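Here is the structure we will look at, set down as structure tokens.
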Amino acid sequence: DSSAPAPRPAGLSARGALVGAWSAAAGGEHGSAPGVSRRSAEMSGVGSKTELLNVLGDVKARVQDKLGVVNFPMPQFILIGKQSVGKSRLIEALAGETFNFISGSLGSRRPTVLEFRNVASAKVSRWHVRDQKTGQWEEHPIDRVMKLVGQLHQELGESVSAEPIYVRIESCGCVDMQIVDLPGFRDFSLDGEGQALAQRIEELDLSFMQNKRNVMLVVEQAGDAATMSSLQRAREFDPEFKRTILIRNKLDKYYGDLTPENVVSWVDGHGDLPGNLVRFALTLPHWTDGDLPPKPFRDILEDVNNEDLRQMAGKSLSNRYLDSIGFKNFSGFMEKKIELMFVDSIGPVLDDLTELKRKHDKELEALKQEIIDTDPARLLTTTRDCGMSFASALVDVMEGVLDSKPCMTFEEELKAFHQHHLANTGFTKLPSEDFSGLADYLDYLRDEARLPAYEVELNGGSAFRRMMHEVEIFLRFSEIGVDTRKRDVIQARGVSMGSLTWRDVVVKLLGNEAHFPLQQRVQYVGERIRWFFEQQKEVVVNFMLNLESLPSTRYKSLYPRHGRVIHDNAITRTLLFETYDAACRRQLQQFTELFESMLTSTFSNPWVFLKGATTGKDFEDDVPDVDTELMKSDPYAFTKKRIPEEIRSRSGTEQQLAKWLNEIPTEDTEIDDAVDKVQMLVLRTYSFIRSQVCDQVELFAESFFKLPMLRRLEAAMAQIELSPQDAANYEARRAQLEQEKGMKMSHAAEINDCMGKIQNFKLKCEARGLRR
């Protein structure tokens, strides 16, 4: 019958016997008690120690202990239920020992992962707790383990944590399995804090229940099946009950209510339990609170098991249903369930080990290569080679590469820039005093200026281009700070040995009042470009590393190898990054000096700077096309005709400025009118200069910063020198690499041995036809 639970195995291994805690309950040393009866020793534990469990249990122990892998695809059960339904006592029955995790008045508030390890040779039980900081297992007496677990619960206060407590029990009475004891569901609370705690606990439990790798052991009281709230929660995540096992506890409380007429209906839950749900009804050991157990724990467990079977058989319950009664039948089912789960886990375990082997082999090869690269005879060459590859890779990144990290949106970029220069007051960080702050400026760039790719995460050349749009906008906010005063105009005119024209006056006023606003913003542009390049260091290294996974590439074959050295070797990384940052600082200084020299020359003779561009007639809509016939028949005549036309075409701005200059009166009696016209001409001339500078800011950035940076960086990397301290650091690093290499080789041997054991057992399994 498909609705009946799995049959109880005919015989259970004596090796799986759960040895008592009689001496522990009496205050003695934890472990097996000499007074455990023969009858108790014959009472089987949860599962026989088959070859399968031996193999996978050994693999799990070696992988977790020696390789430090905690999340391993082995069978895992989660224990769920409300408070005080007997979850803790069920765990004690599975472990074969009585213990009590003291979690305070608020109960448990985090998962407890209990690992049961069967050690056939163990004379006494051994308890371990995994240190949350170091990740190492530490052995403690059972009393100390109880105290540590209690402290980890108490430190949470009224909060809840998903970070589990790991406890390992090694004894001859344990099966190789893992149970996660979850905090019990809370029914209700009178105060808001209690309700909030109950809600957080429920969210924690449900997060485990939705993981399809977890088999749910749902503990309920053996009452009305219609009121089993924990089972209803399990149904939400496992509607077909494929990974749900129901344990109805405290069966002894209902002996008196059952009769031969209603016992079958009761076992079936009066129709409220689905036929495909695996379920058990049982009684667990219990005694009066505060008293010692009247006899060894295992004897009590056998007594209540036998009484469950006797009572239900006495009510004429058939053998088919008796298989779902008592702890012994539950343990028999669990034995088979665990074996099948372990068989199913062979594939995932092999997959994980294969991936682990691939990862270790790759890391081992990288270590061997780094040991070669840090050979004292080639230290300097290796460092320089890595630096030159880094410089070459920067060129590729600036040209644009896909899937490179890290990337930033423009808002993230500008906020990070402002944070970096928070204490730097040497230049203005906002384009105008009218902006209330950075957020206001960002809103303007996004909503009004519509900066391209504002919300796109970029790096490399595309991010540089986006930055150029922003610095151009920043420069265009430049304004002459004060109005030109009448006194300044008169003072600037003065007298000389020759004649001073209004053109000379405008140049003086521009040099005095207009140079500084642009000069301030040039410093901002330089700092933005420098900061941008400094942020590309990690991008370049990640780009070099990512090439490892590409089968073929147009990039240099040494990139992945040198990228790995830069990533793993902190000394090389520091030397390269310091050289790179120094190159950025040097280029910032040169950029600022060149740009300021260009501004100085511009304001000393703005008329030369403002000559119009040579466009040519072919770009004008209102003139005939180029005389192609003449160009083909007589190129020399065509060129002589073209040159005067091009020169005339660039004179538009210069003619306009000359016109305005001629309109300024020269008579002293018209000085007021002259001042107004000079003011107008200064503003218009400054506007022309600002527009020309902003139009060409990307060209200036390319010429004064980017191109010199990219061209000279490789030479700078080729000139790296090692100090005596650097050489000593490399030697220490080399010694550390040799240790890591030995450890990796040991790990690789462990992985290979584990894989060999599982593969050999899998072949035996297939030969015996061990399948579900």
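The values are calculated or read from the model by the stated rules, or taken from the named source; none is laboratory data. Here the structure is a predicted model, which means the values were calculated and not measured. As a convention, Cβ positions derive from the backbone with ideal geometry for all residues, glycine included, and neighbour counts pool all protein chains shown. Ligands, DNA and RNA are stripped out before the accessible areas are found, and what is left, the full protein with its side chains, is counted by its heavy atoms. Shrake-Rupley method; radii C 1.70, N 1.55, O 1.52, S 1.80 Å.
Does region 375-396 hold any residues that are part of a helix (DSSP H, G or I) and either open to solvent by 40 Å² or more (accessible area, probe 1.4 Å) or of a type in the set (D, E, K, R) (or both), and which are they?
Pro376, Ala377, Arg378, Leu380, Thr381, Arg384, Asp385, Met388, Val395, Asp396, listed by residue number.
Here is a list of conditions, (1) open to solvent by 10 Å² or more (accessible area, probe 1.4 Å); (2) in contact with a Phe, Trp or Tyr (Cβ under 9 Å, 6 or more places away or on another chain); (3) part of a loop (DSSP other than H, G, I, E, B), and Glu202 meets all of them except one; can you say which number that is?
Going through the list (1) open to solvent by 10 Å² or more (accessible area, probe 1.4 Å); (2) in contact with a Phe, Trp or Tyr (Cβ under 9 Å, 6 or more places away or on another chain); (3) part of a loop (DSSP other than H, G, I, E, B), Glu202 breaks only (3).
Which one is surrounded by the most Cβ atoms within 10 Å (Cβ to Cβ), of the residues in region 352-374 that are free of Cβ contacts under 8 Å to residues at least 40 places away in the same chain and acidic (Asp, Glu)?
Residue satisfying both the conditions and the ranking: Glu365.
Within region 318-339, which residues are touching a Pro at 6+ places or on another chain (Cβ under 8 Å), open to solvent by 10 Å² or more (accessible area, probe 1.4 Å) and not in a helix (DSSP H, G or I)?
Asp323 - this is the single residue of region 318-339 that is touching a Pro at 6+ places or on another chain (Cβ under 8 Å), open to solvent by 10 Å² or more (accessible area, probe 1.4 Å) and not in a helix (DSSP H, G or I).
Are there any pairs, at least 6 apart or on different chains, whose C-beta atoms fall under 8 Å, with the first in region 217-231 and of a type in the set (Asp, Glu) and the second open to solvent by 10 Å² or more (accessible area, probe 1.4 Å) and part of a loop (DSSP other than H, G, I, E, B), and if so, which?
Asp224/Asp272
Please determine, by comparing only the residues of region 308-317 that are part of a helix (DSSP H, G or I) and not charged (D, E, K, R), which one is least open to solvent (accessible area, probe 1.4 Å).
Met312
Can you tell me how many residues within region 266-291 are in a helix (DSSP H, G or I), open to solvent by less than 50 Å² (accessible area, probe 1.4 Å) and out of contact with any Ser or Thr (no Cβ under 7 Å at 6 or more places or on another chain)?
Of the residues in that region, 2 qualify.
Okay, residues lined up against (1) in contact with a Gly (Cβ under 9 Å, 6 or more places away or on another chain); (2) in contact (Cβ under 8 Å) with a residue 40 or more places away in the chain; (3) over 16 Å from Ala93 (Cα atoms):
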site: Leu273; (1), (2), (3): no, yes, yes
site: Asp323; (1), (2), (3): yes, yes, yes
site: Gly326; (1), (2), (3): no, yes, no
site: Phe333; (1), (2), (3): no, yes, no
site: Met341; (1), (2), (3): no, yes, yes
site: Pro348; (1), (2), (3): no, yes, yes
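Just to be sure before I move on: is Ala749 among the small types (Gly, Ala, Ser), surrounded by fewer than 17 Cβ atoms within 10 Å (Cβ to Cβ), in contact (Cβ under 8 Å) with a residue 12 or more places away in the chain and part of a helix (DSSP H, G or I) in the structure I sent?
no
Quick one: how many residues across region 109-140 are open to solvent by 80 Å² or more (accessible area, probe 1.4 Å) and more than 30 Å from the chain's Cα centre (by Cα)?
The total comes to 4.
List pairs: first residue in region 688-702 and within 16 Å of Val507 (Cβ to Cβ), second residue surrounded by fewer than 17 Cβ atoms within 10 Å (Cβ to Cβ) and at pLDDT 85 or above anywhere in the structure, Cβ distance under 9 angstrom, at least six positions apart or on different chains.
none
Regarding Arg446, is this residue over 30 Å from Val395 (Cβ atoms) and at pLDDT 85 or above?
yes
If only one of Ile78, Ile102 is at pLDDT below 85, outside any helix (DSSP H, G or I) and either more than 23 Å from Met755 (Cα to Cα) or open to solvent by 20 Å² or more (accessible area, probe 1.4 Å) (or both), which one is it?
Unique residue meeting the criteria: Ile102.
From the list Val608, Val623, Val565, exactly one residue is at pLDDT 85 or above and hydrophobic (A, V, I, L, M, F, W, C). Which is it?
Val565
Considering region 397-453 alone, what residues qualify as being part of a loop (DSSP other than H, G, I, E, B), more than 25 Å from the chain's Cα centre (by Cα) and loosely packed, with under 14 Cβ neighbours inside 10 Å?
Result: Leu422, Ala423, Asn424, Thr425, Gly426, Ser432, Glu433, Asp434, Ser436, Gly437, Arg450, Pro452.
I'd like the residue in region 177-199 that is aliphatic (A, V, I, L, M) and either under 26 Å from Leu258 (Cβ atoms) or assigned to a loop (DSSP other than H, G, I, E, B) (or both) and, out of all such residues, is most open to solvent (accessible area, probe 1.4 Å).
Among those that are aliphatic (A, V, I, L, M) and either under 26 Å from Leu258 (Cβ atoms) or assigned to a loop (DSSP other than H, G, I, E, B) (or both), it is Leu190.
Looking at region 217-237, is at least one residue of a type in the set (Ser, Thr, Tyr), surrounded by fewer than 18 Cβ atoms within 10 Å (Cβ to Cβ) and in a helix (DSSP H, G or I)?
There is at least one residue in region 217-237 that is of a type in the set (Ser, Thr, Tyr), surrounded by fewer than 18 Cβ atoms within 10 Å (Cβ to Cβ) and in a helix (DSSP H, G or I).
Over 17 Å from Ser88 (Cβ atoms) and at pLDDT 90 or above - does that describe any residue in region 283-300?
Among the residues of region 283-300, not one is over 17 Å from Ser88 (Cβ atoms) and at pLDDT 90 or above, which makes the answer no.
Between residues in region 286-301 that are acidic (Asp, Glu) and residues that are part of a helix (DSSP H, G or I) and open to solvent by less than 60 Å² (accessible area, probe 1.4 Å), which pairs lie under 9 Å by C-beta distance while being six or more apart or on different chains?
Within 9 Å, the pairs are Asp299/Ser40.
Yes or no: Thr602 among the β-branched types (Val, Ile, Thr), within 16 Å of Arg733 (Cβ to Cβ) and out of contact with any Gly (no Cβ under 9 Å at 6 or more places or on another chain)?
So Thr602 does not fit the description; no.
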